[in-house]
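What follows is a short report on a single structure.
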Amino acid sequence: MKQAALEKLLRFTKQFIKLRTMGHLWNALAKLHYADIAALIEHLTPQERMVVIKLMLERKVEISKLADLFSEVRPEIAVELLSQLEIDRIVSILEELSSDDAASLIALFNEELRLELLKKMSKEESKDIQEQLAYPEESAGRIMSTDFLALVESTTVGDAISAIQLASEEVEVPFYLYVVDEEQRLKGVVSLKQLILVKSKLTLKDIMNPDVYKVDAYMDQEEVAASVANYNILAIP
């Protein structure tokens, strides 16, 4: 959103909230992309932010869209807002986020609420997040995502495409598909573009790129960022 448009929206939002004309506010919000609402929230007061979130909840905005919104705002603002919601609502939103985004937010809650959230989340989600929180705060392990798709190297291209289609609702479809051996060791990657262009009977091993640069989960995040700048494909084994 351009700065001029954001400033205009901000003025109207503050006016609608002050006059308590929630219908007008909702009409304005309903037309926006979640990233634009996130940009708006960044410029509101804590009280005004909560008015926006409560209005979205009252209008029964999909949990997935709320999760997208919370992933866009600064973590400290997301936690400020989430902390004011019912525990079950917080859990439902966190479970829609990628494991690394959820872990980043949960780490900012006070210990009592953090433990309660982890207890109420699904066992798989809670386990993934706790594993990430076990890594040092500034390490690569804190920002790695456990939501990815990996297939064994003997999988055919046709079967790989089918697997991606089936898994698309559970994991974020990446630009690259990870290829592993029978022991789940990373062997290479295949781009989605490759999968579309080659024959369906070929195996992933036939077409994969084995040159994957790996970093240790304990590497400092700044070092990881520098590595990303130098290598096209990066993985944390």
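The values are calculated or read from the model by the stated rules, or taken from the named source; none is laboratory data. For clarity, every value in this text was computed on a predicted model and none was experimentally measured. A quick note on method: Cβ atoms are made from the backbone with ideal geometry, for glycine too, and the neighbour counts reach across all protein chains shown. Side chains included, ligands, DNA and RNA excluded: accessible areas come from the protein's heavy atoms. Shrake-Rupley method; radii C 1.70, N 1.55, O 1.52, S 1.80 Å.
Listing for the model above:
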quantity: Coil-residue trypsin sites (Lys or Arg not before Pro) of the stretch 96-193, DSSP, other Cβ within 10 Å capped at 16; calculated: 185
quantity: Point-charge dipole on Cβ atoms (K/R +1, D/E -1) for the chain, about Cα centre, debye to 20; calculated: 1300
quantity: Folded to 0 to 90 degrees: helix 157-167 orientation relative to the chain principal axis, Cα; calculated: 30
quantity: Among 37, 196, 90, residue whose mean-square fluctuation peaks in a GNM of the chain (springs only between Cα atoms under 10 Å); calculated: 196
quantity: Degrees separating the helix 221-230 axis from the principal Cα axis of the chain, which is the longest one; calculated: 60
quantity: Long-range amide H partners of residue 143 with built H, under 5 Å; calculated: none
quantity: Computed helical MRE - 222 nm, the chain, DSSP H runs ≥ 4 contributing -39500 (n - 2.57), nearest 500; calculated: -16000 deg cm²/dmol
quantity: The stretch 16-149 - charge dipole about Cα centre, Lys and Arg +1 at Cβ, Asp and Glu -1, debye rounded to 20; calculated: 720
quantity: Of 18/119; 123/199; 2/127; 2/214; 65/193, those spanning more than 30 Å from alpha-carbon to alpha-carbon; calculated: 18/119; 123/199; 2/127; 2/214
quantity: Net charge dipole size for the stretch 179-221 [Lys, Arg +1 and Asp, Glu -1 on Cβ; Debye, nearest 20]; calculated: 360
quantity: Aspartates and glutamates with Cα under 14 Å of residue 187, excluding same-chain neighbours fewer than 8 positions away; calculated: 153, 206, 211
quantity: log10 of Debye I(q)/I(0), alpha-carbon scatterers only, for the stretch 49-180 at 0.17 Å⁻¹; calculated: -0.94
quantity: Accessible area per residue in Å² at 1.4 Å probe, computed on the chain; calculated: 60
quantity: DSSP-assigned coil residues among GluC sites (Glu not before Pro) in the stretch 1-105, each with at most 10 further Cβ atoms within 10 Å; calculated: 62, 86
quantity: Two-decimal Rg to Rh for the stretch 1-86 - Kirkwood Rh, Cα set; calculated: 0.92
quantity: 10 Å Cβ shell holding at most 16 others, DSSP loop, chymotrypsin sites (Phe, Trp or Tyr not before Pro): longest site-free stretch of the chain; calculated: 1-174
quantity: Overall Cα dimensions of the chain, principal axis frame, Å, largest first; calculated: 64, 40, 33
quantity: Helix axis angle, 63-72 relative to the chain longest principal axis, alpha carbon, degrees; calculated: 90
quantity: 5 angstrom amide H check on residue 177, placed H, neighbours 5+ away; calculated: 190, 191, 192
quantity: Backbone HN-Hα couplings from phi across the stretch 80-86 [Karplus 6.51/-1.76/1.60, Hz, Gly and Pro as x]; calculated: 4, 6, 4, 4, 8, 9, 5
quantity: Carbon and sulfur %, accessible surface of the chain computed with the full protein complex present, 1.4 Å; calculated: 50
quantity: Percent antiparallel among DSSP beta bridges (both partners in the chain, rounded to 5); calculated: 60
